Amino acid sequence: METPEDEELERRFIELETKLMYQDKMLDELNRVVTSHTLALDELTLRVRRLEETLRAALDVDGKPPNEPPPHY
């Protein structure tokens, strides 16, 4: 026969198990989001590097865009 203390311990144990289950689920979801954002950030970083390289290649020796009109215009 269970005592009231045993029933209280059982209730608390079930409550803790339930909380742990939800925390595990949330941790998995957050891990997926972080992984997704890391991949997106890596892709954006690569794109910025490529844009920087393209911009450097487009600039002439003086650091001006090649199609800029002369200053007397």
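Points worth noting:
- Selection from region 2-16 of residues that are loosely packed, with under 10 Cβ neighbours inside 10 Å and part of a helix (DSSP H, G or I): Pro4, Glu5
- Residue that is at pLDDT 95 or above and acidic (Asp, Glu), where the choices are Glu43, Glu68, Glu53: Glu43
The values are calculated or read from the model by the stated rules, or taken from the named source; none is laboratory data. Values in this document were obtained by computation on a predicted structure and should not be read as measured data. As a convention, Cβ positions derive from the backbone with ideal geometry for all residues, glycine included, and neighbour counts pool all protein chains shown.
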